[in-house]
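Written out below as C-alpha cells is the structure these notes cover.
The values are calculated or read from the model by the stated rules, or taken from the named source; none is laboratory data. Owing to the predicted nature of the structure, the values given are computational and were not obtained by experimental measurement. Cβ placement follows ideal geometry from the backbone for every residue including glycine, while neighbour counts extend to all protein chains displayed. Surface accessibility is based on the protein's heavy atoms, side chains included, excluding ligands, DNA and RNA. Shrake-Rupley method; radii C 1.70, N 1.55, O 1.52, S 1.80 Å.
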Amino acid sequence: MVRVKSPELNFIERMKGHLDALRVGLREAIKPTRLTVQYPRERRKLPDNFRGMLILDVNGCISCFQCAFICPANAIVMKRGPDGKLYPCVNYAKCIFCHFCAETCTKGAWKSTKVMDVAFENEEEMLLTTEKLIKPPKLGREEEKTVSYEIKNGELILVKSDKLDELIPKNE
Amino acid sequence: MFAELMEMFRGNAVEIPILQPIIDALMGIPLVNFVVSFLLWKPLFAILFAPGLAALMVAMLFIIWFERKVTARVQWRYGPLEISRSLGGLIQPLADGMRYLFQEVIVHREAHKPLFIQLPLLSFIPVLLPFLFIPAGTIYAIRTPYALPLIVALISLVPMLIVLIGWASNSKYAYLGSMREVFMYFGYEVALIVVVMAMVLMYGSADLIEIVEKQKSLPGILFNPIACIAFFMVTAMATSRFPFEIPEADQEVVFGPFIEYTGIMFGIVMTLGYEKLYLLSLLFSILFLGGWNGPTIAILGDLSPALWLFLKTVVLMMMFVFLRTVYPRFRLDQAIKFGWTTLLSLSVISLAVAAVIRLVGWL
C-alpha cells in the first residue's frame, strides 16, 4: 500500500503558489482565453460536408428507393409525383441527420447544407414533401461573425472573422 | 423657526461649485430651498450621500456587477451581458433588484415571524450608523476622539444580526450557517480589534480626521505593512470574501442564514456582506492609504476629497472580490486555525511595530 502524504511546503513555496494563482487570475481577467460561441450573433464555422438539412436534386433521382430502405429512423417515405414516378419525402420529426440517404444514393441526388438549427411551427410542417425538398431551406441569420477554433502554439484559441459561412452550397 | 433652522443648515453646508447654479435656482423656491439646504447640511449629507447611503449603493451595484464579470472572465465565461450589451451588462444588479422588488416575500410556517420580517430592515442600523463617524474630508457628522472604536463596535453588530436572522429562520441550513458565522466571528474579531488598536497606537489618536492629517506625506501602509496585511485578511474573513466564504457557502449550506428569505428581503440580507465590505474598505483606505488625500479638484469643492476616498474604497473592494476568482474555500476548522494563529500573531507583531514607531516618534 502506498500512503500519499500531503506535500509539506515552506513559507516561500506557499507564497510563490499564492502569487502564481493571482498572476494567472489577473492574466485571465485582463485577457480572457474564453472559447464561448455567442450563438445567435456568431456562428461556428462548420466543416465541409456537414450533415445538415437535405436538398433533393429531383432530376437526379431515379426512384431506386435506396434512401428509404437505408434510413435508420424511417424518416423517408416515397410519394408519387405528377410524372408517375416515386420521389422521397423527409419527415424531420424523425430524421436524425445521419446522411445515410445521401451516402447511399447511387446518383448523388441528395445535397447537404450546413443548416442544423432547424425550427418548425407545428408537427405537420415537419414532413417535407418533395416540392419542399427541392428548394433550399429558408434562412434567418442574425450572426455578424463566423468563429472557428484553431490551435496556436499548442493552445486552443478562438478566431473570429467577418466573412460569413456559406450555409447552402451553390449549384454547380 | 424655519429661519433659524435654515441658518443652521446654511452655516454648515456642502459647497459644490459645479452644482452651484442649480442650487441657487432651487434656493429661490420657497419650501424647496428648505429641503435642499437640509440635504446639503453636512451631517445629513455625510449619511445620505457621501460617504453614506448613495455612495454605498453605487459602490455596491458596481461591485456586484464587477464580481460577477471578473469571475466570469477568469472562468472563461461572459458573465452578465444581455441586459445592456453596450455597457457589458452593467445594469444587471439594478435589474436583479427590480426583480426582487416584485417577487413574493414568503414567510414560512416555522419562522419566528416578527423577527424574521424585521431583522433585514434592522440590519441597516449597524450599517448606516458608522457613517456618523466616518468623515470624508470636510464632510462629517460627528467628530469625536473615539471614532475608530465606535465604528469597529458598530460593525461588530452585523454578525449578531446574521446569527439572529439564522435563528429566526428556524431551519436546518440557516442553523448551520449561523453556527458557522459565530465560529468565524470568534476567528477574526480579536485580530481585527488588535490591528485597529495597533493603528490607534501608531497614530496616537482614534480621530479619523487626525489620522488622515498624519498621512499627508506618506500613507500608513509604508509605516506598518504587517498591520495592512493583517487588516486585509481580517476584512476578507469578516465580510466572507472568498477563501473564507464559509457561512454563506452556496454549495454546502445554500446561503446559510439567508436561505429562507425570498424577494426583496433576500436582496437586503444578501447585500449585508457587501455593505460590511464597503465599511471595512473605507476604514482600510483611511487607516492605510491616506484616506481622502489626493489632488484637489476645484470644481467639485467639498466633494473632491469624498471622491478620492470613494475611488480608493472601490479599488480596494475590487481587490477583495477578485479573490473569488483565484481561491477555493477553506474548511471551517482551517479558517479558525488561520484566525487564531497566523492572523493573531500578525496583528500582535503589528502592535509591536506600532509601539516601536510611537516610541521612536516617526509619526
(request) Would you kindly find the accessible area of A:R27, with a 1.4 Å probe and non-protein molecules such as ligands, DNA and RNA excluded, rounding to the nearest 10 Å²? (result) 130
(message) Counting only protein heavy atoms and a 1.4 Å probe, tell me what percentage of the protein assembly as shown's accessible area is made up of carbon and sulfur.
(response) 65
(request) Enter the buried accessible area of the B/A pair, total of both sides, probe 1.4 Å, in Å² rounded to the nearest 100. (result) 1400
(request) Enter the mean projected area of the convex hull around the alpha-carbon atoms of the protein assembly as shown, in nm², rounded to one decimal. (result) 40.1
(message) For A:C95, what accessible surface area do you get with a 1.4 Å probe? Give it in Å², rounded to 10.
(response) 30
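Leaving ligands, DNA and RNA out of it, rank B:Y185, B:Y173, A:Y39, B:Y278 by accessible area with a 1.4 Å probe, largest first. All intermediate terms of the calculation are to be shown ahead of the outcome.
Details: B:Y185 40, B:Y173 85, A:Y39 110, B:Y278 0 Å².
Listed by decreasing accessible area, they come as A:Y39, B:Y173, B:Y185, B:Y278.
Can you give the calculated 222 nm mean residue ellipticity of chain B, where each DSSP H run of n ≥ 4 adds -39,500 (n - 2.57) and the sum is split over every residue, rounded to the nearest 500 deg cm²/dmol?
On the way: 19 runs with 233 residues, N = 363.
After summing the helix terms and dividing by residue count, I get -20000 deg cm²/dmol.
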(message) Give me the one-decimal Kirkwood hydrodynamic radius in Å for region B:41-360, with the sum taken over alpha-carbon pairs.
(response) 20.3
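Starting from the coordinates of the alpha-carbon atoms of region A:1-141, obtain the Kirkwood hydrodynamic radius over all distinct pairs and give the value in Å to one decimal. It would help to have the intermediate numbers written out before the result.
On the way: mean 1/r = 0.0514 Å⁻¹.
About 19.5 Å for region A:1-141.
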(request) Order B:Y146, B:Y327, most accessible first, counting only protein heavy atoms with a 1.4 angstrom probe. (result) B:Y146, B:Y327
(request) Can you tell me how much longer the chain between B:R77 and B:I29 gets when fully stretched, taken as 0.36 nm per residue apart minus their C-alpha distance, in nm with one decimal? (result) 12.0 nm
(request) Apply the membrane-span-like helix rule to chain B: whole DSSP H runs, Cα extent along the own long axis of at least 27 Å, mean Kyte-Doolittle hydropathy at least 0.5. List the helices found. (result) B:53-74, B:172-203, B:303-326
(message) Need one value: the accessible area of B:F310 in square angstrom, 1.4 angstrom probe, rounded to the nearest 10.
(response) 50
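Keeping every protein chain in place, order B:D302, A:D48, A:D117 by accessible area at 1.4 Å, biggest value first, i.e. largest first. Show your work: numbers first, answer last.
Numbers: B:D302 30, A:D48 120, A:D117 55 Å².
Highest to lowest solvent-accessible surface, that is A:D48, A:D117, B:D302.
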(message) Please give me, ordered by residue number, the trypsin sites (Lys or Arg not before Pro) of region B:109-188 that lie in loop per DSSP and have at most 12 other Cβ atoms within 10 Å.
(response) B:R109, B:R143
(request) Go through the protein assembly as shown and flag any cysteine with no other cysteine's C-beta closer than 4.7 Å, please. (result) A:C61, A:C64, A:C71, A:C89, A:C95, A:C98, A:C105, B:C228
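Calculate the tail of P(r) for region B:83-200: the fraction of all Cα-Cα distances greater than 26 Å, expressed in %. Walk me through the intermediate numbers first.
Numbers: 3031 of 6903 pairs.
Of the Cα pairs, 44 percent sit more than 26 Å apart.
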(request) Please provide three numbers in whole Å: the alpha-carbon extents of region B:270-351 along the principal axes, with the largest listed first. (result) 52, 33, 22
(request) Bin width 10 Å, alpha-carbon pairs only: give the P(r) of region A:54-133 as whole percents, running from 0 to the bin holding the largest distance. (result) 19, 57, 23, 1
(request) Using a 1.4 angstrom probe, figure out how much accessible area chain B has per residue, in square angstrom, rounded to the nearest whole. (result) 45
(request) Could you work out which residue, out of A:T113, A:T33, A:T129, moves most in a Gaussian network model of chain A, that is, has the largest mean-square fluctuation with Cα springs under 10 Å? (result) A:T33
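Taking the Cα centre of the protein assembly as shown as origin and charging only Cβ (+1 Lys, Arg; -1 Asp, Glu), how large is the dipole, in debye to the nearest 20?
Values: 52 positive and 46 negative charges, 286 e Å.
Value, rounded to 20: 1380 debye.
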(request) Kindly identify region B:47-136 as rounded, prolate or oblate by the Cα gyration tensor criterion: order the square roots of the eigenvalues as a ≥ b ≥ c, call it rounded if a/c is under 1.5, otherwise compare a/b with b/c, prolate if a/b is larger, else oblate. (result) oblate
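With loop defined by DSSP as not H, G, I, E or B, and exposure as at most 12 other Cβ atoms within 10 Å, which is the longest segment of chain A clear of exposed chymotrypsin sites (Phe, Trp or Tyr not before Pro)? Let's see the in-between values first.
Working: sites that count: A:F65, A:F120.
With chymotrypsin sites (Phe, Trp or Tyr not before Pro) excluded where exposed in loops, chain A gives A:1-64 as its longest stretch.
Explain nothing, just the number: dipole magnitude of chain A about its Cα centre with +1 on each Lys and Arg Cβ and -1 on each Asp and Glu Cβ, in debye rounded to the nearest 20.
Values: 29 positive and 24 negative charges, 99 e Å.
That gives chain A a dipole magnitude of about 480 debye.
Sequence gap at least 6, Cα distance under 8 Å: using those rules, report the relative contact order of region A:69-172 to the nearest whole percent. Intermediate results must be reported in sequence, preceding the final value.
Numbers: 104 pairs, mean separation 22.9, N = 104.
Contact order relative to length: 22 percent.
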(request) Rounded to the nearest 10 degrees, what's the angle between the helix A:11-30 long axis and the longest principal axis of chain A, both from Cα atoms, 0 to 90? (result) 40
(request) Give a quick list of GluC sites (Glu not before Pro) in region B:48-108 that DSSP marks as loop, anything other than H, G, I, E or B, with at most 12 other Cβ atoms within 10 Å. (result) B:E104
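Restricting attention to region A:89-141, which trypsin sites (Lys or Arg not before Pro) occupy a DSSP loop and are surrounded by at most 13 other Cβ atoms within 10 Å?
Numbers: sites: A:K94, A:K107, A:K111, A:K114, A:K132, A:K138, A:R141; in loops: A:K94, A:K107, A:K114, A:K138, A:R141.
Filter output for region A:89-141: A:K107, A:K138, A:R141.
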